[in-house]
Amino acid sequence: MIRKFSAVPSVLFALAALIGAASVAPASAQDCVLDRCLRGDAPARNERSARPPVAPGDFDYYVLALSWSPGFCGISGGSRDREQCGRGANLGFVVHGLWPQRERGMLADCEAGLRPPARADAAAAARDLFPTEGLARYEWRKHGGCTGLAPSAYFAAVRSARELVVVPAALSEERDSRQLAPQDVLRAFAQANPRLRPGMAAVSCPKGVLQEVRICLSKDLRDFTPCPDVAARSCRARQIEAPPPS
């Protein structure tokens, strides 16, 4: 299994160069963690039809969003997400999604996403990528349809993206809640991924809690790529809480 990890140890804090200002997708996605939004209700069902059409596959790069599961569970999970947040789940970083991104904005809600994925494809993705099958289906509907890929190919791309990114091994060593600077998290990822350079990653921290690391990947999923639009919207708190898995 590749999805279970824990918190960042202090030994990594001095490693590598700064990854640079980081974080978050456009403002509408800023406070969305996994398949729930902290600000307001979900978009109306007719919002999709109100948006201009987007040609599937017309994007510049991907963003792989790795959510820190204890942060999600502490803020917006709980009893509604027992599979992910129940005691003993012991989840650290999990895949939130693989998002097709343009130089100036994320793509979402494309018509192709209305085609549901096969149950077997979504179930396989939930076994070691997404924390739940429901989230796998949601991410296909919200973002996967904009990639120009079939559902099975989209989930294969998610797997390829996740395998490209190394989560620092030492993240599994701590079990206590701690305060971290966002740059400490990015330094740890930089040490584990030497080709991950400044301006290629971001940290999301709504309500001062570690929620996500967002890593920008080339469209062919062979390497990391600069993403100024993502990196410019970073968590800028001096310290954020990183609750431990439970």
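Some notes on this structure:
- Taking other C-beta atoms within 10 angstrom as a stand-in for reagent exposure, Arg178, Arg127 fall in the order Arg127, Arg178, fewest first.
- Taking Cα centre as origin and charging only the Cβ of basic (Lys, Arg, +1) and acidic (Asp, Glu, -1) residues, the dipole magnitude of segment 123-166 rounds to 100 debye.
- Cβ-Cβ FRET estimate between Ala232 and Ala118, R0 fixed at 51 Å, reported to 0.05: 0.85
- Where labels lie 7 Å past Cα in the beta-carbon direction, separation of Arg104 and Arg127 in nm: 4.4 nm
- Compactness of segment 147-246 was expressed as the Cα radius of gyration divided by 2.2 N^0.38 Å, which yields 1.15.
- The HN-Hα couplings worked out from phi for segment 83-90 by the Karplus form 6.51 cos²θ - 1.76 cosθ + 1.60 (θ = phi - 60°) are 4, 8, 10, x, 4, x, 4, 6 Hz, whole numbers, x standing for Gly and Pro.
- Remark: the Val166-Arg87 segment gains 25.8 nm on full extension, using 0.36 nm per residue and subtracting the alpha carbon distance.
- Alpha carbon convex hull of segment 57-174, volume per residue in cubic angstrom: 118 Å³
- Taking a ≥ b ≥ c as the square roots of the eigenvalues of the Cα gyration tensor, an a/c ratio of 1.5 or more together with a/b larger than b/c marks segment 110-203 as prolate.
- Spacing of the two label points (7 Å from each Cα toward its C-beta) at Ser246 and Arg175, in nm: 1.5 nm
Computed from the coordinates by the stated procedures, all read-outs in this text should not be read as laboratory data. Note that the structure is predicted; figures quoted are calculated from it, not measured. Glycine gets a Cβ as well: all are built from the backbone with ideal geometry, and neighbour counts include every protein chain shown.
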